[in-house]
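Step one of this worksheet: look at the structure below.
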Amino acid sequence: MELRGAMVLVVLMGTTWSLSVTTIRPETVSMDAVARPDMAEENTEQTEAAAAEEAEEDVMATGELNPNHYPAQRAAKVVQHYLNTRHGSPYRLFGLKQVHSGNAEDVADSGRKYQLEISVHKIISNTTEKCSAEVYFPRGEKQLPPQVQVSSLVELPKTDVEAKEGELYQEYRTNKTLRTEKRLPDSYGHMDPEMTPFWHLGIVASSFIMLSESTENTLYNVAQVANITQLTTENDQLKFDCHVLLHDMVSQEIPQWKLLFTWSPAEGVKVLQTEKLPHVHECEKHPKTN
């Protein structure tokens, strides 16, 4: 039921990663054409035109790219995930604001390289900054994660978040009662503001998966942190078990992942284990027992 609620929700960060509610609709047939036969021909032409445009966008063309089309947008989204794995925290998140320009080229038979000029949005501080990035997608029988390099990004100051991070860390480091939270946000897009840092931690941890799983034909966002549980630890790291629902906007699939990760202001987020869970229908056929 949680997955169904999340699919109705799905909270997508989009280009700005704002907390908005989007309904996933797997149907592709226009209901107008069914309800109004006189519009069937017009809708057919529009559908064919849209399909042709999408097919054209998906062609792995070399040279200059349309910044608003899928190839440039998908490559730029990978940069967002990369920045979150390197700099993300409960009080610092990155979103893709805009692609200004893009260029793609084949690298022999080994892969494709994208050169991008983009603007990234620092979500919590609500500031925008331009940067240059290079994304390389390797080719081969085995899928390998893309390689990312970012330049021209101003060094990130820590003073804007370190006080808040220190307070959060000390509060939960000394907690005698370990906390468990479900459905961040809930199926209506609501979330207790106190839980926002843990929603952000789930996004940062999920960025490691989204970066690793990204290809030229994916576009990942976090749909929901279905469950996050603080675990006991003997070192200075806060430790969490987390179940997240992702959303591939291209295939409209909602893959589920379990993560084990740690966080501290000094060490940042470190993902220790990941596990891709079966699809929901597989869970229903083979329910787990204690």
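Points to keep in mind about this one:
- Test: residue in the range 45-55 that is modelled with pLDDT under 95, acidic (Asp, Glu), more than 30 Å from PRO193 (Cβ to Cβ) and open to solvent by less than 30 Å² (accessible area, probe 1.4 Å): no
- Considering the range 158-168, and only residues there that are part of a loop (DSSP other than H, G, I, E, B) and open to solvent by 70 Å² or more (accessible area, probe 1.4 Å), the residue that is modelled with the highest pLDDT turns out to be ASP160.
- The set of residues in the range 138-154 being out of contact with any Phe, Trp or Tyr (no Cβ under 8 Å at 6 or more places or on another chain) and either outside any strand (DSSP E or B) or hydrophobic (A, V, I, L, M, F, W, C) (or both) consists of ARG139, GLY140, GLU141, LYS142, GLN143, LEU144, PRO145, SER152, LEU153, VAL154.
- Subset of the range 226-253 (residues that are without any contact (Cβ under 8 Å) to a residue 40 or more places away in the chain, farther than 17 Å from ILE209 by Cα and either among the aromatic types (Phe, Trp, Tyr) or not in a loop (DSSP other than H, G, I, E, B) (or both)): LYS239
- Odd one out for HIS190, checked against (1) farther than 30 Å from ASN68 by Cβ; (2) in a helix (DSSP H, G or I); (3) not charged (D, E, K, R): (2)
- Residues of the range 202-222 that are at pLDDT 95 or above and either open to solvent by less than 10 Å² (accessible area, probe 1.4 Å) or of a type in the set (D, E, K, R) (or both): GLY202, ILE203, VAL204, ALA205, SER206, SER207, ILE209, MET210, GLU213, SER214, ASN221, VAL222.
- Here is the figure for the range 169-195: residues that are closer than 16 Å to PHE240 by Cα and either open to solvent by 70 Å² or more (accessible area, probe 1.4 Å) or in contact (Cβ under 8 Å) with a residue 40 or more places away in the chain (or both) total 16.
- Residues located in the range 238-259, provided they are open to solvent by 30 Å² or more (accessible area, probe 1.4 Å) and either in contact with a strand residue (DSSP E or B) (Cβ under 6 Å, 6 or more places away or on another chain) or of a type in the set (Val, Ile, Thr) (or both): LYS239, ASP241, HIS243, VAL250, LYS258
- Test: residue in the range 118-131 that is of a type in the set (Asp, Glu) and free of Cβ contacts under 8 Å to residues at least 24 places away in the same chain: no
- Every pair of residues 6+ apart whose Cβ atoms lie under 6 Å, when the first sits in the range 66-87 and is closer than 23 Å to LYS270 by Cα and open to solvent by less than 10 Å² (accessible area, probe 1.4 Å) while the second is hydroxyl-bearing (Ser, Thr, Tyr) and in a loop (DSSP other than H, G, I, E, B): VAL78/SER214
The values are calculated or read from the model by the stated rules, or taken from the named source; none is laboratory data. It should be emphasised that the depicted structure is a prediction, and the values quoted were computed from it without experimental measurement. Methodologically, a virtual Cβ is constructed for each residue, glycine included, from the backbone with ideal geometry; neighbour enumeration extends over all protein chains shown. The accessibility values were calculated without ligands, DNA or RNA, using every heavy atom of the protein model including side chains. Shrake-Rupley method; radii C 1.70, N 1.55, O 1.52, S 1.80 Å.
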